[in-house]
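Every number in this text was worked out from the coordinates using simple rules, so none of it is lab data. Remember, predicted model here, so these are calculated numbers, not experimental data. Cβ coordinates were reconstructed from backbone atoms using ideal geometry, including for glycine residues, and neighbour counts include every protein chain displayed.
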Amino acid sequence: MKIFVYGTLKRDQPLHYALQAQTFVGEACTLPHFRLFSLGEYPGLVQADSPETGVSIDGEVWEIDAVCLAELDQIEAVDQGQYARIRLPLQEPFQDADVEGYLYLGSVEGLEEVGTRW
């Protein structure tokens, strides 16, 4: 499966070790439906309140296996409700690809917005 990463899982980031045995597909951007906030040492991607307030988030697409997916779900605390893995709408050339990514489920009230790139 393909996964979109936008923070500490990207190349040259601290948690990239989890993707080292996987296949880098390419750099990508989401459609402008999201916002990115600093959660301290890592970012949180949230859906924008409206189409007018969203931005395109820069990241990377990786082809991963089931073992890696389980590890990423654990890193992102999916079972604890911190993040949810969802299908993300991406811009060309990935507009028709089935790509998932991690959406932050916590409150971002009072957190610093970091723009389009972590």
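Could you check which residue among Tyr83, Tyr102, Tyr17 shows the biggest mean-square fluctuation in a GNM of the chain with a 10 Å Cα cutoff?
Tyr17
If you place +1 on the Cβ of every Lys and Arg and -1 on the Cβ of every Asp and Glu, how big does the dipole about the Cα centre of the chain come out, in debye to the nearest 20?
Dipole size: approximately 60 debye.
Please give me, ordered by residue number, the GluC sites (Glu not before Pro) of segment 19-99 that lie in loop per DSSP and have at most 12 other Cβ atoms within 10 Å.
Values: sites: Glu27, Glu41, Glu52, Glu60, Glu63, Glu71, Glu76; in loops: Glu41, Glu76.
Answer in residue order: Glu41.
Over the alpha-carbon set of segment 23-118, work out the extent along each principal axis and list the three values in angstrom, largest first.
Principal extents (Cα only, largest first): 36, 32, 20 Å.
Classify segment 16-57: rounded, prolate or oblate, from the alpha-carbon gyration tensor (a ≥ b ≥ c, eigenvalue square roots; a/c under 1.5 rounded; otherwise prolate if a/b is larger than b/c)?
Because a/c hits 1.5 or more and a/b fails to exceed b/c, segment 16-57 counts as oblate.
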